[in-house]
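Below is one structure, written out as structure tokens; the observations come after it.
The values are calculated or read from the model by the stated rules, or taken from the named source; none is laboratory data. These numbers come from a predicted model, not from an experiment. Here the Cβ is made from the backbone with ideal geometry for all residues, glycine too, and neighbour counts use every protein chain on show.
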Amino acid sequence: MDLNQVRQRLDDERRYLARGGETVSVQPHLTRVSNGPLRMVAWSSLDEATADQEIAEEVARHAAEGNSFEWKFYSHDKPINLLARLQRQGLVAGAPEAVMAYDLSAGPPCTVDLCNVVRIARQDQIEHYRRVAEEALGKDYSLTCGQLADALAQRSTQHLGYDASGVSRPRLLPRARCGADGRRHQAGRPLSPRRCTPDKPAYPRAPRL
């Protein structure tokens, strides 16, 4: 698997893909996505010289609208010290997450005797999905489960849920073609996005989804 191609396809989706209910606004150096009350910067590639100003303008923009927002940060996003710059503007990073990509042309991955992975195909499976996820991560999964329920009702494959007995939690995966990035473009490192949200009184902290 060519990680450079994976990163490029990921960035194309972050930059342009509109999933169900989303409004995508493509700007010169970033992409804004809104879905109901949710707001995020889904992609960014900022110039070293103007990054601080652009971050400040984005924070001020959402504050003026009275909205919390999330800045999706991947470790290959530019500039390389973007996370520190976001934090200096008052945004708080959530725990790093790992994103995995698997080349389906290689056939199905090997099975593990103690782990049975099934795709969620019925509404009654969602409650188990939610219970395990909330117990494992200690946060509300109503939004994620709502997206999954809507996808099942509409027979959409945009969101696919997988429930794995014998592992820590089930997964909900957007119908995407790729994963994320390794730290500072080092191939083979874990793929690790983060979410940054404001942590100031004027900007209520958004839930980390």
Checking ARG88 against (1) surrounded by fewer than 17 Cβ atoms within 10 Å (Cβ to Cβ); (2) at pLDDT below 90, the condition it does not meet: (2)
Qualifying residue in region 31-50 (condition: charged (D, E, K, R), in contact with a Leu (Cβ under 9 Å, 6 or more places away or on another chain) and at negative phi): no
Breaking point among (1) in a loop (DSSP other than H, G, I, E, B); (2) closer than 19 Å to GLY90 by Cα, for ALA56: (1)
Of residues in region 132-178 being modelled with pLDDT under 80, of a type in the set (D, E, K, R) and not in a strand (DSSP E or B), the one farthest from VAL118 (Cα to Cα): ARG177
